[in-house]
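Report on the following structure.
The values are calculated or read from the model by the stated rules, or taken from the named source; none is laboratory data. Only a predicted model underlies this, so the values are computations on that prediction, with no experimental measurement involved. So basically every Cβ, Gly included, is an ideal-geometry build from the backbone, and we count neighbours across all protein chains shown. The accessibility values were calculated without ligands, DNA or RNA, using every heavy atom of the protein model including side chains. Shrake-Rupley method; radii C 1.70, N 1.55, O 1.52, S 1.80 Å.
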Amino acid sequence: MIMRLSDDMKHILPACLFAVFSISGAFFTDAAAAERKGITVMHMSNEQNIIDVCPEHRYLLLPVQDSAPEGRIQLVADNNVCGAGINIRLAREKVDYFVPLDLSAYRGRNLRLDVQAVPASSLCWSEISCSDTFSAELSPKPLYHHIPAHGWMNDPNGMFWKDGKYHLFYQSNPYGCTWGNMHWGHSVSEDLIHWEDAGPALAPDAWGYIFSGSAVVDKENTAGFGENAVVAFYTSSKPTRWSDCQTQSIAYSTDGGRTFTKYGSNPVLVSDIQDFRDPKVFWYAPGKHWVMILAAGQQMRIYSSRDLKSWTYESSFGQTQGAHGGVWECPDLVELEVEGTGEKKWVLLCNINPGGPFGGSATQYFTGSFDGKKFVNEAPTLTKWMDWGKDNYATVTWSNVPDGRCIAIGWMSNWQYQVDLPQKGYRGTNTIARELSLYERDGVTCLKSAPVREMLSVRGDVLEKKPFRVSGMECAMDWCLPDGGAFEVEMKIRNNGAEKIGIVFGNKAGEQVKMYYDVSHGQFVADRTESGETGFNANFAAVTAAPAETDGEMTLRLFFDRTSVEIFGNGGEFVMTNLIFPTEPYSGLGFYSDRGSFTVTSLDIYPIVP
C-alpha cells in the first residue's frame with residue numbers, strides 16, 4: 001500500500017527518505033502533530049520514530065509518564081548526531097508532567113529527533129508541542145529549602161563560594177522525575193537560603209553521565225586554565241555491556257562558575273575498580289599540593305597532584321573501620337577546630353548506601369589526623385553517624401568560604417523510597433545549610449552540626465510563650481502554629497523527674513509527628529508513622545532515635561517546611577532529618593510527660609518568611 005503525502009510533507013522530508021519510505025509504506029504521520037507549526041511526527045517500524053522540528057521556538061515540551069518504560073531520544077542536526085542522547089519515559093497512557101528540551105542552540109539548523117522504543121500508539125505524540133516559555137508545576141513545594149527547577153535531584157556537587165555567591169551544583173535529570181541522564185544542575189545564592197536557578201552546568205558526553213564531584217578555585221593557576229579559574233571534578237560514568245565504567249574528569253570555568261569547558265584530555269584518572277567515583281578535591285597548604293579523596297567500593301582512596309591534571313595514588317582508608325552495609329560514596333575531608341581546646345582535627349565524611357542506622361542511606365564520619373597523604377582514624381572501633389534521621393545523605397561541604405566556616409548541605413531523602421515520594425514535577429530536596437564544628441564528650445571527639453546563622457534572617461515576628469510545667473500523659477494541642485507549614489520552634493526544657501519528655505506537632509486531620517526524650521535510655525526519638533501520607537513505600541513510616549546526653553536541660557531548634565522537619569538538639573550535638581507529607585499543614589503543638597514533670601522554660605515560635 002502506498003500512502004499519499006501532502007505537499008507540505010513532501011517538502012519536509014529529505015528526498016532519500018521520501019523515495020524509500022513512500023514506496024515501502026514503512027511510516028505514517030500523526031495528522032494532529034503535522035498540523036502544529038514546526039512539528040511533524042513520523043512513525044516507522046520497530047517503535048522507531050522521527051520528530052521533525054523547526055527550532056524557531058526555544059523549547060520542545062515533552063510529555064512524561066513516570067510509570068512508562070524508557071525510550072531514547074537522539075538529537076540530529078544537519079544529519080549529525082548531537083550530544084549523548086536522552087533516556088526519557090515518554091507518556092504512553094497519561095501525562096504526569098512536561099519537561100523542556102532546549103532548542104536554542106540549534107537555531108538555523110535542520111533539526112530532527114530520533115526517538116526509539118516508543119510505540120506509535122502512545123499518547124505523547126499528540127501532546128508534544130513547542131513553546132518559548134516553560135514553567136514547571138511543582139507540588140508540594142517547600143518554602144525555604146532548595147529544590148531543582150524541575151525533574152530529579154540527588155547528591156549536591158561541586159559547591160564553592162566566589163565573588164559573594166554560593167554555588168550549588170547537584171545530580172540532575174532534567175528530563176524526568178526518576179534517576180537518569182545525570183547532569184550537573186546549578187543554583188546560585190548570596191545567603192544559602194534564596195536560590196536562583198542557573199540551568200544545567202555539565203551534560204553527558206562521550207565518556208558517560210556526569211556523576212558527583214567537587215570544585216575548587218585555582219587561585220595560583222596551577223592547572224593553567226587561568227588565575228582564579230574554577231575547576232570542577234566529576235565522575236564520568238559510561239554504561240557498558242557488563243557494568244558502568246567510572247573515570248574522573250575535569251572542567252573549568254573562567255567566568256566565575258557560570259559556564260564550564262570540559263578539559264580536552266579527559267579522563268584524568270582511571271582505575272580497574274568498578275565503583276570508583278565522587279572525587280572531593282582540596283588544597284593541602286603544608287605540602288603545597290592538591291588532594292583528591294574518592295570512593296572506591298567500600299574504601300576511600302587518596303591521591304595528590306601539583307597541577308590538578310596528573311594524580312598520584314597515596315593511600316587508602318576504610319578497611320574494617322566504620323559501617324560497611326553498602327557501598328561508600330561522596331567523601332569529604334575537612335579540618336576543624338575542637339571547641340574549647342585550640343586543637344584541630346580532620347573529619348572524613350563517608351556516605352553509605354545501604355547500611356544507615358535506620359535502613360537505607362546515611363552519612364557516617366571519622367575523626368583523626370591527616371598528613372597530606374594518609375588519614376588515620378583516632379577511634380577505629382567506633383561508628384559515628386552525622387544525622388540520626390532517615391533523610392540526610394550525600395553530605396558535602398563548600399570550598400573557598402571566606403570567613404573560615406565549614407558549611408555543609410545534604411540531599412534530604414533516602415534511596416529506599418526516593419523514586420516513590422509523592423512529589424509532582426520534581427523529586428529531591430536539600431537540607432538547610434549547616435555549619436560543622438567539633439566538640440569532645442567523655443574523651444570522644446564528636447561532630448556538631450548547627451543551622452547556619454543566615455537562618456536567623458528569615459524569622460518572622462515571634463510568638464513567645466511564657467514558661468509552663470507539663471505533668472501527665474494528656475496532650476492538649478494548642479492551635480498556635482503559623483499558617484502555611486513553614487516555621488521554626490526554639491525551646492528550652494528542664495526536667496523535673498519525668499522519664500519521658502514528649503512533644504507533638506499535629507493538624508486537624510489527626511496527622512502528627514511525635515518527638516520525645518527517653519530519659520532512661522538517653523535517646524531523643526522522632527516518630528513519623530502517623531505524620532500524613534506514608535503508604536507510598538513500606539520503608540517510609542519510621543521511628544528514629546538519636547543518642548542525646550543532657551544534664552537535666554535540653555535545647556531544641558526545630559525547622560518545619562511543609563514536607564520536612566529538621567531537629568537540632570543542644571546546639572547541634574544531635575541532629576535528625578526526616579521528610580513528612582501531611583495532607584494539611586501542622587497547626588497545633590502539644591506536650592506530655594511520663595512519670596514526673598518537666599518545665600518548658602522558654603518557647604519561641606517563628607514563621608519563616610523568605
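Note on residue 54 and residue 344: their simple-model spin labels are 6.3 nm apart, each label 7 Å out from Cα toward Cβ. Ligands, DNA and RNA aside, residue 515 has an accessible area near 0 Å² when probed at 1.4 Å.
Calculate, for the range 250-322, the solvent-accessible area per residue in square angstrom, rolling a 1.4 angstrom probe over the heavy atoms of the protein chains.
Numbers: 3230 Å² over 73 residues.
Dividing the accessible area of the range 250-322 by its residue count gives 44 Å².
Each part gets one Cα centre, and for the range 373-387 versus the range 508-522 those centres are 31 Å apart. Ordering 98, 282, 160 by accessible surface, largest first, gives 98, 282, 160; the 1.4 Å probe counts only protein heavy atoms, with every chain in place.
The label-point distance for residue 601 and residue 227, in a model that sets each label 7 Å from Cα toward Cβ, rounds to 5.4 nm. Using just its DSSP H runs of length 4 or more, each adding -39500 (n - 2.57), the chain gives a mean residue ellipticity at 222 nm of -1000 deg cm²/dmol after division by all residues.
Could you calculate the contour length gain from residue 72 to residue 541, that is, 0.36 nm times the residue separation minus the distance between their Cα atoms, to one decimal place in nm? Mind dumping the intermediate values first?
Numbers: separation 469, 0.36 × 469 = 168.84 nm, distance 3.53 nm.
Length difference between fully extended and current span is 165.3 nm.
Our estimate of slack between residue 468 and residue 509, defined as 0.36 nm per intervening residue step minus the Cα-Cα distance, is 12.1 nm.
Size of the range 188-299 from its Cα atoms: along the principal axes, largest to smallest, the extents are 43, 37, 29 Å. Principal-axis analysis of the Cα atoms of the chain puts helix 15-24 at an angle of about 90° to the longest axis.
Determine the relative contact order of the range 376-467: mean sequence separation of Cα pairs under 8 Å and six or more apart, normalised by residue count, in whole percent.
Values: 99 pairs, mean separation 18.5, N = 92.
Normalised by residue count, the contact order of the range 376-467 is 20 percent.
The Cα center of the range 541-610 and the Cα center of the range 442-456 differ in position by 16 Å.
If the limit is 30 Å between Cα atoms, which of 280/384; 345/466; 162/514; 141/508; 465/514; 262/288 go over it? Don't skip to the end; give the middle numbers.
Details: 280/384 21 Å; 345/466 41 Å; 162/514 41 Å; 141/508 21 Å; 465/514 20 Å; 262/288 25 Å.
Violating the 30 Å limit, Cα to Cα: 345/466; 162/514.
Stretching residue 273 away from residue 476 to a fully extended chain increases their span by 67.3 nm, per 0.36 nm per residue minus the current alpha-carbon distance. For residue 54, the solvent-accessible surface with a 1.4 Å probe is about 60 Å², rounded to the nearest 10. Put 125, 479, 179, 311 in order of accessible area, highest first, and with a 1.4 Å probe you get 479, 179, 311, 125. Listed peptides 496-502, 549-555 appear in the order 496-502, 549-555 once ranked by packing, highest mean of other Cβ atoms within 10 Å at the front. Comparing Cα centroids, the range 327-368 and the range 105-178 end up 32 angstrom apart. For residue 197 and residue 45, a Förster radius of 41 Å and the Cβ-Cβ distance give a FRET efficiency of 0.50, rounded to the nearest 0.05.
How large is the translational diffusion coefficient of the chain in µm² per second when you combine the Kirkwood radius over alpha carbon pairs with Stokes-Einstein at 20 °C and 1.002 mPa s? Could the numbers behind the result be given before it?
Numbers: Rh = 26.2 Å.
For the chosen part, D equals 82 µm²/s.
Under 5 Å from the amide H of residue 395 lie the amide H atoms of 411, each residue being 5 or more positions distant or on a separate chain, with H modelled from the backbone and absent for Pro and chain starts. Output the relative contact order of the chain, whole-number percent, from Cα pairs under 8 angstrom with separation of 6+ residues. Contact order relative to length: 10 percent. With a simple spin-label model that places each label point 7 Å from the Cα along the Cα-to-Cβ direction, the separation between residue 120 and residue 261 comes to 4.7 nm.
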